[in-house]
Amino acid sequence: MSESSARPTKPLRAAVVGSGAIAREHLSFLAGTSPIRPSSPVDGRLRLVGVCDLSPVTARYGADEYGADAAYTDLATMLDGAGPDVVHVLTPPATHSPIASACLRAGAHVLCEKPITTTSVELLELLDVAKEAGRHLMESQNYRFNRPVLALVDAIDRGELGTVREVEIRIALPVTDPDGRFADRNLPSPIHEMPAGVIHDVITHMVYLLLLLGRPVSFDRIAAAWSNHGDDPLFRWDDLDAVLIGRTAGGPLHARLRFDAEASPDTFSIRVRGTDGWAETDLFQPYVRVVRPRAGGQQLSPILNHLAGGWRLLQAGTRNVGSKIMQQTPYEGLHRMLDLTYDAIAADRPLPVSTDDMVETSRLIDRLLDEKVRL
Ligand SMILES: NC(=O)c1ccc[n+]([C@@H]2O[C@H](COP(=O)([O-])OP(=O)(O)OC[C@H]3O[C@@H](n4cnc5c(N)ncnc54)[C@H](O)[C@@H]3O)[C@@H](O)[C@H]2O)c1
């Protein structure tokens, strides 16, 4: 980074553009009401200087509710008037590039919601803008920072599972539900215009988690079945079944990415299989189960794994009741990611999601969409 981004002596001035659903999570962090390190803004690191939305009511609500200095309906006016050091870009995906470019050119670092751009080519162009401006550009890859994912990474890093051979990520969400926001015909969701249609809403999460858990991996064989099982013409696809076969330093790696609009209940499950054991979680109903050889050998290991797994499930069940009562969402990782990001910006350290993480993710999404790999 350039000299101008050296350790700041005063609080970073943060602003938000797009004050819809995900903005609530960013704004609660910026307002200091986050469950992760709730005192963050009052410990002097940052100040919320503006909330911008095309809708004046939405902008005003976001600014009032989260204590911003001002509300704006025009981005240029906010960049000029509020002079933010960091802008959170939380608008629909197709608008990210022009908005992020304007913020970078105005001298602000940009934290952008996923998918950061529509294609990897567009991402490389945006990274050039960031480089030219000497500012950070980071995509929100929030689920990497959820507690269960950190636990899986830790199990892999400590060699508990041996060498990772398989990663399976499965999301089930009723995106075609006629009462849901994606099926609204009067106000069609902008996600339908993305290359993967409604599946673009989740594919970034699946791909960056795969790259994190299987790292470092290069895939040489990919086959992706994109289907529209509901036959609703509003949806390009409502189902994905992709198989990826690649190589890590430790040997071959098989991966499967599965999205389903009809299976129930909602799931965001991850399973990692290694040469010595396996581990799984569900980020919507968090728990972590690790199955591995235990003291007691082949005879006793299955029983000990059942007992350990049962105990972990019981603990997770109790914890999840508490989370429900406290209305905690699966976005705890987003708050942790923002916390790390602001610390890194303030200390002029590398950000927790690197440029390589973003480019690799975006390139793999492009490859999954390539007609040549379609089943
Ligand atoms: N990281 C996650 O887990 C996660 C979860 C949900 C959404 N998202 C992402 O966040 C982004 C926003 O999603 P959402 O669900 O909050 O959408 P949303 O429709 O609820 O909110 C978007 C807001 O942006 C405003 N807007 C649109 N264009 C604008 C512009 N040019 N200038 C200013 N404001 C503008 C809209 O008025 C709206 O209030 C998307 O990229 C989405 O994929 C990420």
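The values are calculated or read from the model by the stated rules, or taken from the named source; none is laboratory data. Values in this document were obtained by computation on a predicted structure and should not be read as measured data. Note that each Cβ is placed from the backbone with ideal geometry, even for glycine, and that neighbours are counted across all protein chains shown.
A few comments on the model shown:
- Test: residue in segment 292-301 that is of a type in the set (Gly, Ala, Ser) and either touching a strand residue (DSSP E or B) at 6+ places or on another chain (Cβ under 6 Å) or under 18 Å from residue 167 (Cα atoms) (or both): no
- Each residue in segment 292-331 was checked for being under 26 Å from the mean Cα position of the chain (by Cα) and among the hydrophobic types (A, V, I, L, M, F, W, C), and 5 of them qualify.
- Filter result for the condition that a residue is in contact (Cβ under 8 Å) with a residue 60 or more places away in the chain, among the hydroxyl-bearing types (Ser, Thr, Tyr) and farther than 24 Å from residue 18 by Cα, over 91, 119, 163: 163
- Matching residues in segment 67-87 - criterion: being more than 10 Å from the ligand (Cβ to nearest atom) and either at positive phi or part of a loop (DSSP other than H, G, I, E, B) (or both): 67, 68, 69, 70, 83, 84, 85
- Residue 236 vs. criteria surrounded by fewer than 19 Cβ atoms within 10 Å (Cβ to Cβ) and free of Cβ contacts under 8 Å to residues at least 60 places away in the same chain: yes
- The residues listed here are 230, 214; of these, the one that is over 22 Å from the mean Cα position of the chain (by Cα), of a type outside the set (Asp, Glu), on the phi < 0 side of the Ramachandran plot and more than 16 Å from the ligand (Cβ to nearest atom) is 230.
- Candidate set: segment 177-192, residues that are within 12 Å of the ligand (Cβ to nearest atom) and assigned to a helix (DSSP H, G or I); chosen: the one nearest to residue 229 (Cα to Cα): 182
- Number of the exception - residue 179 against (1) touching a Phe, Trp or Tyr at 6+ places or on another chain (Cβ under 6 Å); (2) surrounded by fewer than 16 Cβ atoms within 10 Å (Cβ to Cβ): (1)
- Of the listed requirements (1) at pLDDT 95 or above; (2) part of a loop (DSSP other than H, G, I, E, B); (3) farther than 18 Å from residue 84 by Cβ; (4) more than 11 Å from the ligand (Cβ to nearest atom), residue 64 misses just one: (2).
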